[in-house]
Amino acid sequence: MPRTIQEIKNLSPRFRILVIGRRNAGKTTILKKMCDSDGSDLQIVDANGKQDQIHAVWFCIPMDEQRAPSAQFELAFFNARESPVPIIAVCTKFEALLDSEMSGEDDSSDAEEEARQAAQSKFDRTVLQALRGTSHPPDQIVQLQNLDEPTAGCAALTERTYAAIHDKTLSDLFALAQHNSFSVGCTKVLQAMTPAGRNACARAIMKHSKLFANIQRATCRCGDIV
Ligand SMILES: Nc1nc2c(ncn2[C@@H]2O[C@H](COP(=O)(O)OP(=O)(O)OP(=O)(O)O)[C@@H](O)[C@H]2O)c(=O)[nH]1
Ligand SMILES: [Mg+2]
């Protein structure tokens, strides 16, 4: 068994995730959101990839199909799987459940909150229960919504994936990949800015760095007193 990050990286230099799910489940959309960066250490492989070097699986289940909550295809997968690799059930297009709970005319915030609660409770009673009732339930379950919108992100997927990885070395490798993607993402944003925008951004970062340093100093002082 490899022990250090370097040993794992030598075996497979990138954190590898297998993404599966039926057609239209939102797989490609997730990949674009997660890996829209050059040189990311997060590598996505398809089913023909080297499965012995896969570190986690994202199993996408779309919520916009009537049979989604208990689709035999998904449940059969979790009943049959015998894999030591963490599997995260990714329930995509969650807003479809919300839409089905919204009544036609009333779009007040109260009605929306009511619909949100009804959608969540429907999800808990159907999808969640069905998945948890399988022989080998997913290690983590996450809900994603509106990913077709440019500003939507999938931080919850990162968090749940991290939580699903129990091996410390692998979770470090995943965190490292996330960190690298984030850095590359920031660089791309900066590159896309005008020089004036970049300067403004740099000033804001400096200001916050000073603030952060002050907080750190204050925290250290508190630490000393304790
Ligand atoms: N409403 C909504 N649409 C989504 C969401 N995520 C993806 N879509 C849309 O769903 C459609 C299918 O998404 P893809 O990411 O192409 O699905 P896929 O699983 O890669 O599909 P295949 O490659 O055909 O297996 C696209 O039109 C996406 O824009 C979501 O969270 N909400
Ligand atoms: Mg696709």
From the options Asp110, Asp99, Asp106, Asp172, residue that is in contact with a helix residue (DSSP H, G or I) (Cβ under 7 Å, 6 or more places away or on another chain), modelled with pLDDT under 90 and on the phi < 0 side of the Ramachandran plot: Asp172
Test: residue in the stretch 69-77 that is modelled with pLDDT under 85 and either within 16 Å of ligand 1 (Cβ to nearest atom) or not in a helix (DSSP H, G or I) (or both): yes
Qualifying residue in the stretch 37-48 (condition: modelled with pLDDT of 70 or more, part of a strand (DSSP E or B) and within 16 Å of ligand 2 (Cβ to nearest atom)): no
The stretch 108-143: number of residues that are without any contact (Cβ under 8 Å) to a residue 40 or more places away in the chain and hydroxyl-bearing (Ser, Thr, Tyr): 3
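The values are calculated or read from the model by the stated rules, or taken from the named source; none is laboratory data. Owing to the predicted nature of the structure, the values given are computational and were not obtained by experimental measurement. Quick reminder, even Gly has a Cβ in these numbers, built from the backbone with ideal geometry, and neighbours come from all protein chains shown.
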